[in-house]
1. Could you compute the net charge surrounding LEU364? Neighbours are other residues with a C-beta less than 15 Å from the C-beta of LEU364; K and R count +1, D and E count -1.
2. What number comes out for the charge environment of ILE488, summing +1 per Lys or Arg and -1 per Asp or Glu over other residues with Cβ under 15 Å away?
3. Fewest first, what order do TYR416, TYR240, TYR446 take by the number of other Cβ atoms within 10 Å?
4. Students often get this wrong: which residues of the range 319-334 have the backbone nitrogen under 13 Å from the point 7 angstrom along Cα-to-C-beta of GLN343?
5. Based on other C-beta atoms within 10 Å, arrange CYS188, CYS11 from fewest to most.
6. Quick check for the chain: number of Lys pairs with alpha-carbon distance under 29 Å, counting only pairs 8 or more apart or on different chains?
7. Would you mind computing, in nm to one decimal, how far apart the modelled labels at ARG56 and ALA18 are, each placed 7 Å from Cα along Cα→Cβ?
8. Mind checking the dipole of the range 386-495: about its Cα centre, +1 per Lys or Arg Cβ, -1 per Asp or Glu Cβ, Debye to the nearest 20?
Amino acid sequence: MRALTPSFADCFFVALLAWLFICGASGWKSLLGDGDTGWHIRTGQYILAHHSVPTRDLFSFSKPEAPWFAWEWLSDVLFAVLFRMAGLKAITLFAGALVALYATVLLRFSLWLGANALVAAMLSLVAVGASSMHFLARPHLFTLLALPGCLWLLQADARRNTRWVWWLIPITALWTNLHGGFTVFLACLALFTLGSAIEAWLGRPRWPQVARFGALLAGCSLASLVNPYGIQLHLHILEYLRADWIKNLIQEFQAPTFRSEGQLQFEALLIVGLVVTGLLLRKQRVAEALCILFLAHSSLISVRHAPLFAAVVAPLIGSELSAWWKAWAGNLQRTSVVRILQQLGEDLQPVFRRNTVWPLVVVLVLAALDAPLKWPRDFPSEVFPVQMVHDHSKLLESGRLLTTDQWGDYIIYCLYPRQKVFVDGRSDFYGERLGQDYLHLLQGAYDWRAVLERYGFQVALLPVDLPLTGLLKADPHWRVVADDHRSILLTRLSVQNLGD
């Protein structure tokens, strides 16, 4: 009966799922706002069909058969299986459930650290807002969920040794094949080991824990080698993260701008988190402070790390803020609003600290429903040239196609293997030289015509507001085939009649 009685944590899961994806303005299709989902599906289908992980490029004519790291191959397989079961509906439902589960883990982690239930719920929602930029049906959702869960297990072991902490070794092996974010966990585990050593040097009885974390770090590091590429995967990720051209080309690798609502929520967590870091250092909780500083630094360099910072810092802020609130409320009258709310939050903790089967039941019910929920049957037309691709597929397949990297992902989803692309979302694969050629083309740089001839483009599908689009419209060697005021389709005169 206890397992069948819904808890407040269950209600939190369901409410968040409804708020973000059922009642939200964009609904489930918001999870398809990034075209990478398309090539992940096709890669998974290739793996299922050939029973092997690709080591050479499948999708481009600019680097055909070049060495390629399909480093998220297990996620690709999962996406392909979901797509086979129920198309984009299954993928978006799975991604939405991961997002709601991530928020629930933050809530439960905060409560475990001693946070007041009201504070924990509020900060979990703020962390969700700060992480919303990455609420996309892509493999990074596994990292968003796994990082706070694994750090929770580390903190539990730091309080009292438990054999469950050794499960982090097989979890790391699994994580490595799902997403490259396992490297962030290894860095945090190394910082936990270093922080524990500093705490021991400061006089806390931590040397046994240092040895334990050191052994765990060694085990997890070795487990991360269990992937199709071995140590080469780690070297590739390191080279990728250090590349300056990536930071100049891809927005999520650049510093935050603090303009959107989600980034303002991240800014609030950043400021309060740095204050909490000082409190942790005063209490000689060095390991946790080092993790906060590491992720704060990473997120200020690259906004793609902001969700990971939010996932780690929100429970720690909740714990410290609740302790301060309790001390303050203790000096007030029992009838004061502040003390009543504080006591209410403490009274609610037990019903927030458990989950039942109801979240799974809700997900299964959603899977059985169809029309009322407006499941996506294609990628959002507000972001991708959906109608243009479907109306002119034969022309798009007729020759070398020039399009943006995001739209290249969608072309792979729709037209692979009949058409290959110039570039797509695999920025780590294409490299600096091709990336510069791509930028020079789109920006209409001084050498745009030479780049255009070098790759022999015959068809172009471009956003209407790109500098290159205006240049091609004015070029007598190119003709406009279709223009829907968002995207424009052009063809060289040599293939102008194909697909009309």
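Taken together, the values in this text are just the output of simple stated rules run on the coordinates, not laboratory data. All figures in this text were calculated on a predicted structure; none of them were measured in a lab. Ideal geometry is used to build each Cβ from the backbone, glycine not excepted, and the neighbour counts take in all protein chains shown.
1. That works out to -1.
2. Combined, the nearby Lys, Arg, Asp and Glu give -1.
3. TYR446, TYR240, TYR416
4. In the range 319-334, the label zone of GLN343 (backbone N under 13 Å from the point 7 Å along Cα→Cβ) covers 329-334.
5. CYS11, CYS188
6. Counting lysine pairs in the chain gives 17.
7. According to this spin-label approximation, the distance is 5.3 nm.
8. Its charge dipole is roughly 360 debye.
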